[in-house]
Structures are given as structure tokens and as C-alpha cells.
1. Measuring from a point 7 Å past the Cα of Ser171 along Cα-to-C-beta, which residues in the stretch 129-154 have an amide N at less than 20 Å?
2. Quick query: amide H of Thr272 versus all other amide H atoms, modeled in the peptide plane; which residues come in under 5 Å with a sequence gap of 5 or more or a different chain?
3. How much length is gained if the chain between Lys299 and Glu123 is pulled fully straight, taking 0.36 nm per residue apart and subtracting their Cα-Cα distance, in nm to one decimal?
4. When the helix-only estimate is applied to the chain (DSSP H runs of n ≥ 4, each -39,500 (n - 2.57), divided by the residue count), what is the mean residue ellipticity at 222 nm, nearest 500 deg cm²/dmol?
5. Within the P(r) computed for the chain, what percentage of the Cα pairs occupies the region above 38 Å?
6. Using r as the Cβ-Cβ distance of Ile46 and Arg306, and R0 as 30 Å, what FRET efficiency do you calculate, to the nearest 0.05?
7. Assign one of three labels to the stretch 167-314, namely rounded, prolate or oblate, based on the Cα gyration tensor with a ≥ b ≥ c the square roots of its eigenvalues; rounded applies when a/c is under 1.5, prolate when it is not and a/b is larger than b/c, and oblate otherwise.
8. Report the local net charge at Glu69: Lys and Arg +1, Asp and Glu -1, summed over other residues whose C-beta lies under 12 Å from its C-beta.
Amino acid sequence: MGRGYGFGKVILFGEHFVVHGVSGIVSAIDSATEAEVKKAPGGITIKDERRGSKGYTEEKKAQQIESIERMLKSMGIESKAASFSIWLGGSLPGFSGLGASAASSVAIARAISEEFGLGLSDERINEIAYEAEKAYAGNPSGIDNTAATYGGLLWFKRNMAGGPNIIERLSIEKPVEIVIGSTGIVANTKAMVEGVAERKRKNPQKYDALFKQAEALAFAAKKALQDFDLKKVGELMNENHLLLQKIEVSCKELDFLVDLARAQGAFGAKLTGGGGGGCMVALTPGRELQEKVARAIEKEGFEVLRTKIGVKRL
Ligand code: PMV
């Protein structure tokens, strides 16, 4: 049997903008998807035991099958002749916005590599998972599969010419508590990404200006993280949320959770990932503040994940 894992992630700065070549910052979280692959007769079967938002597994089924076919093609395996069982589990919930699709693709690619003795490097796993992401996101930036493969806190810039992306490891003084709040709404990342591209085409001037602001924000955030100026990081997260509202990827549930987190003392809060539902992230340094914000969100009936960014071992 082959085993693999892929990290969940939270985009701290630049979701959507990164698709178009703007720089972004992403952190792996200490929840991962695990996969087991075992050669077995009867074609490809999938047993998905990840804990998820209601409907997540069903809604993503067709995209999941396409993603596996894409990975096999990228590995040079004929999908019609392939016959194995896949089991998916692990601690990463199937909330939209945490890179669950990328984490599962990385986990499956690693498990296939082990079961079939392919000995694939992380770099190849990342490339293969990128192919899989196309099934979920249409035109993905590559930030999700990169975080799922390598973990850690990363600076990411897509190479729009198709060459290697810029991936830099960032380090911060110590890990910082965050709260991730899930709207419970299963979002379609592909539709959200396409929507931004279309509005950008229709309003080039407005969007160019917003994209420039997003790039400046990413650089300011990198400095604030490196200086461990958490107040500043929080303010920049708030600014990032404003930009995401302007490109129309937020929704009333996300705005509600963002406002709630800030009202409870979060240093900053924004939607994270594709938006249109999915998750928000709040910067809540210290266990006490983290607990306060998490409880307030739970009290409103939403699920939360208490985790940290910048954890070294990830
Ligand atoms: O919603 P998620 O976890 O799939 O994150 C998508 C991030 C986007 O920036 C919206 C798309 C991308 O490929 O970068």
C-alpha cells in the first residue's frame, strides 16, 4: 500500500490576484489530508472519509474524478488500464477555501508514487497536483498545490510565461494563532476565478488599479510578517478583504464573520481562498484571543478551526 499526505493552507494575502501574476502569501496549517492507494482489480475506486461541509464530497465528485485522470496522464499512467483503490481521510476538513482539493491531490499523487514505486520528487508531485487543480479551479495559480506540497509559510508569484513560479520560504519570529471560520457554503472556485477574469476583461482600468494595490499589499505584508508587526499584518489583512470585496468575491456570510471577528478583537480578518462562501481567517495572537473569537463565531452557529500560521515543522 502507498501512503501520502498534503497540507491544508490558508491564503493570507492575494487570493484571486495571484491567478493573474500578483504576489501572494500562503501558510500551511497543521491539518492535512491523508491518502492510501492500493493496487486492486475493478478500475479506480474512491472511498472518501474526509470530514467535510455537508455536500462537499458529492458536489466535488466529478471534479475529483477528472483530477485523478489528469494526474495519471501527467504521470504517464494509462487511466483506462489503471486499477487501484484510493482512501482519503485525515484531519483537514472539507471546508471550501482551505485548499482541500490541492491537499487531496498531493496526498493521492504521493500515495500513487509510493504504491507504483515511481519515486517522484516533491517538485514532480507539485507539478502533478497542479494538473489536478485544473479540474477544480480551471485556471489555477498554483499557490494551493505549492502550499499543500511544501508546507510552511510561503511567498508565491506565478510565472505568467509558464516557467517556474517564484516560491520563497518566509520565516517569522514564532507561530501565531489564527481562527478559520467556515460559512458552510460550498463554493465553486472555478466559477469564482472565471468571474474575476471576466469582470477584469470588462473593466480593465478599475481592475488594473486594484491589482496594483494587491501587489503593494503583498510586499507590505511580507515586511510586516518579517518584522513580526502583527498589528500591521492585521491591518493589511483588513485592506486585503476590502480589495476582495471590490472584485466581488466576498458574500454576506463572509462579511458577517469578518466583522464579528474584528469586533471580538481580532487584529485583522479577511476571506481566504476562492470566496463566494468557503472560509474567512482572523489573526488572533495568543490562545485567549483565539478562543474568544472562535467561541463568538461558534455561538453564531458556524464551524471553526483553531490553528496557527508560521509553524516551522509544517
Ligand atoms: O478556495 P481555494 O482553497 O481553492 O483557493 C483558491 C485560491 C484562488 O486564488 C482563488 C485560485 C488560485 O488558483 O489561486
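The values are calculated or read from the model by the stated rules, or taken from the named source; none is laboratory data. Because the structure is predicted, anything quoted here is derived from the model rather than measured. Methodologically, a virtual Cβ is constructed for each residue, glycine included, from the backbone with ideal geometry; neighbour enumeration extends over all protein chains shown. We work out accessible area using only protein heavy atoms, side chains counted, and drop any ligands, DNA or RNA first. Shrake-Rupley method; radii C 1.70, N 1.55, O 1.52, S 1.80 Å.
1. 147, 150-154
2. Cys279, Met280, Val281
3. On the way: separation 176, 0.36 × 176 = 63.36 nm, distance 4.24 nm.
Full extension from Lys299 to Glu123 adds 59.1 nm.
4. On the way: 10 runs with 137 residues, N = 314.
Roughly -14000 deg cm²/dmol at 222 nm, from the helical runs in the chain.
5. On the way: 4848 of 49141 pairs.
Everything past 38 Å amounts to 10 percent.
6. E(calc), rounded to 0.05, equals 0.50.
7. Because a/c hits 1.5 or more and a/b fails to exceed b/c, the stretch 167-314 counts as oblate.
8. +1
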